[in-house]
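The values are calculated or read from the model by the stated rules, or taken from the named source; none is laboratory data. Bear in mind the structure is a predicted one, so any value in this text is a computation, not a measurement. Cβ coordinates were reconstructed from backbone atoms using ideal geometry, including for glycine residues, and neighbour counts include every protein chain displayed. All accessible areas refer to the heavy atoms of the entire protein, side chains included, with ligands and DNA or RNA removed. Shrake-Rupley method; radii C 1.70, N 1.55, O 1.52, S 1.80 Å.
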Amino acid sequence: MTAAFLTRFAPSPTGMLHRGHAYSALTAFTAARAAGGQFILRIEDIDRTRCRPEFEAAIVEDLAWLGLEWEQPARRQSDHMADYRAALDDLCARRLVYRCFRTRKEIAATIESAPHGAMEAWRGGPLEPEDERRRLARGEAYAWRLSLAAAERELGGLVVLDFEEQGAGPGGESGRIAARPDLGGDVVLARKDLGVAYHLAVVVDDALQGMTHVIRGCDLFEAAHVQRILQALLGLPTPIYRHHRLLTDAEGRRYAKRDRAETLREIRARGVTARDLRRELGFD
Ligand code: GLU
């Protein structure tokens, strides 16, 4: 599908939506409407241990309540593991990824602090073949990490890549942005427990779904740097990025699930209408 303007809202069903999500979804939806384009919903549920069907159902209901419309059914990432596997196999065959045997405990802190597993900036490389064989023989689990060193060789340098930012990064970055994959380091592309990880799934889906614009919070600005490299390695098109500011509460804190931000459900139960909320968030 090649639409002139196609964007998405891509929540993970790990909890209920709050104002921050509503703001993000409305930003993408409104932009699509303004451009005469299309808006879709994508459910990012590769992490089956944290995602729940009831959260997915609530997301759909809350977004519909908010007045959003999208093509049905929404793409659910867990239905497309074979697509991510094929992309990973391609990178494996070209030796652009390597096995990483760091223990769960060692990487847990990273995953906890960055839900996208992105900003660890670790750079390593494959183990010595002998060591790797021994660990494989023992049945030790491993993740697949992107080798920035190999990517650099493959692409003839990483500095040649850039992307268009029509919104702004957290530091106000906009315009043509030179990709800085070193910010993310050798990111995990396939988690030990899942066989895939956020960046790989997103890049594959954005391409498969023909996304022309990626509109999302600026907390994911650094992710665009990593995703740009993956697009280049996999021969996929690069969408235009529009990162938006993060909504903050009266105390200036960003809304977050872990801080128990008031959910759209709770807001609705207080008798607030979708129209009221859209107004409060600066839409309508
Ligand atoms: N699933 C991600 C999240 O819930 C968003 C991914 C994206 O927009 O690229 O934060």
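Values as computed for the structure displayed
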quantity	calculated
Cβ-Cβ under 8 Å pairs, at least 6 apart or on other chains, the stretch 72-98 side farther than 19 Å from D193 by Cα, far side open to solvent by less than 50 Å² (accessible area, probe 1.4 Å) and acidic (D, E)	R75/D205
For R33: the one exception among (1) basic (K, R); (2) under 21 Å from F5 (Cα atoms); (3) within 16 Å of the ligand (Cβ to nearest atom)	(3)
Condition met for A178 (away from the ligand (no atom under 16 Å from the Cβ), touching a Leu at 6+ places or on another chain (Cβ under 6 Å) and among the aliphatic types (A, V, I, L, M))	no
The stretch 1-25 residues that are touching a residue at least 24 places away in the same chain (Cβ under 8 Å), paired with ones that are of a type in the set (F, W, Y) and near the ligand (Cβ under 9 Å from one of its atoms) (beta carbon under 6 Å, 6 or more apart)	A25/F9
Test for F101: is it of a type in the set (A, V, I, L, M, F, W, C), in contact with a Phe, Trp or Tyr (Cβ under 7 Å, 6 or more places away or on another chain) and either open to solvent by less than 60 Å² (accessible area, probe 1.4 Å) or at pLDDT below 95 (or both)	yes
Which numbered condition T7 misses (of (1) farther than 14 Å from M211 by Cβ; (2) outside any helix (DSSP H, G or I); (3) under 17 Å from the mean Cα position of the chain (by Cα))	(1)
Whichever residue in the stretch 36-46 is more than 10 Å from the ligand (Cβ to nearest atom) and in contact (Cβ under 8 Å) with a residue 40 or more places away in the chain and, among such residues, is farthest from R85 (Cα to Cα)	G37
Residue within the stretch 218-237 that is open to solvent by 30 Å² or more (accessible area, probe 1.4 Å), in a loop (DSSP other than H, G, I, E, B), over 19 Å from R94 (Cα atoms) and in contact with an Asp or Glu (Cβ under 8 Å, 6 or more places away or on another chain) present	no
Test result for D205, assigned to a loop (DSSP other than H, G, I, E, B), of a type in the set (D, E, K, R) and either at pLDDT 95 or above or more than 26 Å from L26 (Cβ to Cβ) (or both)	no
Whichever residue in the stretch 210-229 is under 13 Å from the mean Cα position of the chain (by Cα) and more than 12 Å from the ligand (Cβ to nearest atom) and, among such residues, is nearest to R85 (Cα to Cα)	R228
Scope the stretch 190-209; condition within 15 Å of the ligand (Cβ to nearest atom) and in contact with a strand residue (DSSP E or B) (Cβ under 8 Å, 6 or more places away or on another chain); matching residues	R191, V196, A197, H199, L200, D205, D206, Q209
Flag if G172 is away from the ligand (no atom under 11 Å from the Cβ), outside any helix (DSSP H, G or I), modelled with pLDDT under 95 and open to solvent by 10 Å² or more (accessible area, probe 1.4 Å)	no
Some residue of the stretch 78-85 being away from the ligand (no atom under 16 Å from the Cβ), at pLDDT below 90, assigned to a helix (DSSP H, G or I) and of a type in the set (K, R)	no
